[in-house]
Amino acid sequence: MSALSELCEEIALCRRCELYKYRTKAVPGEGPEDAEIMFVGEAPGWHEDQQGRPFVGPAGQYLSQLLASIGLGRDQVYITNVIKDRPPVNRDPLPAEIDACRIWLERQIELIRPKIVVTLGRYSMALFFPGKSISRIHGRAEKRDGVIYYAMYHPAAALHQQSLRRVIEADMQKIPRLLAEAGDIPEAKEESPSQQLTMF
Ligand code: URA
């Protein structure tokens, strides 16, 4: 069994916070071990909890359409969440739950070593761009230690807010070039946080 499959099995048994009491199935994530792009959403919803798979409800259908718009299938990218168990009644994840769960995402990133980590929504963005606002940084790339971090709105937000659809669709269109030019993108400079985001 691969190290990633073993990690997913470990995640499925996790009891690091109280959310395990409410899950039907844990939702570790899915996709190829050598995926170049990793999408990180917020937390499983009802559909995901039932199936043990990320982004399989309405937001997931939209994510699949967005991927298709740049010629990618779901099976070509890794898809996961900040939180691996569904919070009761889809409430927002608590800071303690995020803290307890982040070790899993860190280990997934270490094993998969994606070129690009795409954050979907504010909880995921907050892990990689602390203190930043999605309206300011969406669609911009920042490279740190060889990995490009790229913030996008959450597909569910775009589903409910027509004006965000154009934004999320335009941000998705930038990903192929980002991937093609990943090696040429300079590392963010530590000393000037306001300049850290490379306008792409
Ligand atoms: N929303 C998320 O953030 N993740 C899922 O897996 C499904 C919906």
At 1.4 Å probe size, put ILE79, ILE70 in order of accessible surface, largest to smallest.
ILE70, ILE79
For MET125, the accessible surface traced by a 1.4 Å probe with all protein chains present amounts, in square angstrom to the nearest 10, to 10 Å²
In the chain, carbon and sulfur make up what percent of the accessible area (probe 1.4 Å)?
50 percent
Extending each Cα 7 Å along its Cβ direction at LEU13 and GLN51, get the distance between those two points in nm, one decimal.
2.7 nm
So for the chain, taking the charge dipole from beta-carbon charges (+1 Lys/Arg, -1 Asp/Glu), which of ILE148, GLY45, MET1 sits furthest toward the positive end?
GLY45
To the nearest 10 square angstrom, what accessible area does ASP145 show with a 1.4 Å probe?
150 Å²
So for THR119, THR24, what's the accessible-area order with a 1.4 Å probe, most first?
THR24, THR119
Out of the stretch 1-107, which GluC sites (Glu not before Pro) are coil in DSSP terms and have no more than 13 other C-beta atoms within 10 Å?
GLU33
Compute the distance in nm between two label points, each set 7 Å from the Cα along the Cα-to-Cβ direction, one at SER2 and one at GLU181.
3.0 nm
To one decimal place, what Kirkwood hydrodynamic radius in Å is obtained for the chain from all pairs of distinct Cα atoms?
17.0 Å
With every protein chain kept in place and a 1.4 Å probe, the residues VAL118, VAL56 fall, from largest accessible area down, as VAL56, VAL118
Using the membrane-span-like helix rule (whole DSSP H runs, Cα extent along the own axis of at least 18 Å, mean Kyte-Doolittle hydropathy at least 0.0), which helices of the chain qualify?
95-112
Give the longest segment of the chain that steers clear of trypsin sites (Lys or Arg not before Pro) in DSSP loops with at most 11 neighbouring Cβ atoms within 10 Å, not counting the sites themselves.
92-188
Leaving out ligands, DNA and RNA but keeping every protein chain, what accessible area does TRP104 have, in Å² rounded to the nearest 10, with a 1.4 Å probe?
20 Å²
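The values are calculated or read from the model by the stated rules, or taken from the named source; none is laboratory data. Small disclaimer: the values here were computed from a predicted structure and weren't measured. Glycine gets a Cβ as well: all are built from the backbone with ideal geometry, and neighbour counts include every protein chain shown. Only protein heavy atoms, including side chains, enter the accessible area calculation; ligands, DNA and RNA are left aside. Shrake-Rupley method; radii C 1.70, N 1.55, O 1.52, S 1.80 Å.
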